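All of the numbers you see were taken from the coordinates with simple rules; none came from a lab. Every value quoted in this text rests on a predicted model; they were computed, and no experiment measured them. Here Cβ is always computed from backbone atoms with ideal geometry, including for glycine, and neighbour counts include all displayed protein chains.
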Amino acid sequence: FTVTADETTGGMITTARDGTLVTWSADDQTSQVTTLDQHYACASDVAQSTDTLLLCGVSRDVSAASNVAPPCIKVFSRQTEQGQPGWVKQGDILRGMMKIVTCARAFDGEKGGDFATGEQLPAALPARPQRDCLCMYDIGNSPTLETLQPSAQYWEHQEIITCLAVHPQDPSQVFSGSKDCTIKLWDKRMQVSAASMGGTLPGGAKVGHTQMITTLDVFGSTIVSGSLDQTVRVWDLRNMRADRGPLKEFKLEMGAILKISACKAGQVAGQDGLIAVSTVQGLAVLRTLDSTVVRASPPAGRAKVSPYHDIKWTPRGVWAGGEDKVLDLYELVATR
């Protein structure tokens, strides 16, 4: 299940394991339901400047090798014909040589059409022991999506790339989190990573997370990471060094961290510095200013909720979607 905020309409976009893609209006009504052919989306993002929706396609049928659809990046564009907003598929960027495309983020700068993905090869190659790649794309580089290839590839992560976040001040830069416990900063104008934080130092000491990083978000001059080690860590973007640990560390004691979503500056009055955290035991709100953790109660009418696979903080509150295919809204504006 993925949850994406559509800033243009004020609505939401969700996907589910059964391949459905649902567009929700600003008044919480279903405005479009589409079923993806052969795939479901394991990650999604919207480039607001170009009205482009990106979906990382994973095969729905894994019962037999002959039925497995190769991974792809599905590209949709916004339609407004006859006053009916929705998304029209433009095509698939085929990634048949890869085992999976795990995540995607649009740079959403002035140029538009640029985005990054995390991808993994099925196995290491003799000439390339690393399997895991940060790929950069420019949709304008090819006349068709089906023939589009990455404009740059970076093979520095030692384990699968699980999450991405675009730099809040520079849309040409993107952060990646990985199972190797590192956070790396990439600049599409450079041939290697621009910076790295966390992981294992040459002497064997661990800095930062001790298990796979599962989620990233950025706000202001900080980047926030969550991990299977049950911690949320806050890092300083202005001083990214491999040997420098996080500014703050929070142990939630709620099981593995699945997703985080930060309340951006000015998004909700008086709520700067709040982070919504989805764990295997439920949803919580973390106040970075005073290290307070508050467990969120289920929405009205919901005695119990399944773990949320994805969450997004919007001006209305936190939207959350999980295995039960219900989209919940937590109105957390009063949290102090």
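Figures for the structure shown
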| quantity | calculated |
| --- | --- |
| Cα gyration tensor shape for the range 114-210, rounded if a/c is under 1.5, else prolate or oblate | oblate |
| In Hz, Karplus ³J(HN,Hα) per residue of the range 202-213 (6.51, -1.76, 1.60; θ = phi - 60°; x = Gly, Pro) | x, x, x, 6, 8, 10, x, 5, 9, 9, 3, 6 |
| Among 43, 127, 26, residue whose mean-square fluctuation peaks in a GNM of the chain (springs only between Cα atoms under 10 Å) | 127 |
| Loop trypsin sites (Lys or Arg not before Pro), the range 216-316 (other Cβ atoms within 10 Å of the site Cβ: 14 or fewer; DSSP) | 238, 241, 244, 302, 304 |
| Long-range HN-HN contacts of residue 214 with modeled amide H, under 5 Å | 226, 227, 228 |
| Segment residue 242-residue 291, extension gain: residue separation times 0.36 nm, minus the distance between their alpha carbons | 15.2 nm |
| Protection proxy ranking of 154-160, 115-121 - average other beta-carbon atoms within 10 Å, highest first | 115-121, 154-160 |
| Computed lengthening from residue 205 to residue 326, 0.36 nm per intervening residue step minus Cα-Cα distance | 39.3 nm |
| Cα gyration tensor shape of the chain, rounded if a/c is under 1.5, else prolate or oblate by comparing a/b with b/c | rounded |
| Counted charge near residue 328, where neighbours are those whose Cβ lies closer than 14 Å (Asp, Glu -1; Lys, Arg +1) | +1 |
| Cut-off under 5 Å, modelled amide H: who pairs with residue 314 long-range | 319 |
| Cα gyration tensor category, rounded, prolate or oblate, for the range 203-312 with a/c compared to 1.5 | oblate |
| Fluctuation leader among 77, 225, 291 - the chain, Gaussian network, Cα springs under 10 angstrom | 291 |
| Filter on 206/248; 179/251; 179/325; 184/248; 74/184 - keep pairs with C-alpha separation over 22 Å | 179/325; 74/184 |
| Label-point separation in nm, residue 281 to residue 29, each point 7 Å along Cα→Cβ | 4.2 nm |
| Cβ-defined net charge surrounding residue 247, 11 Å radius [Lys, Arg +1; Asp, Glu -1] | +2 |
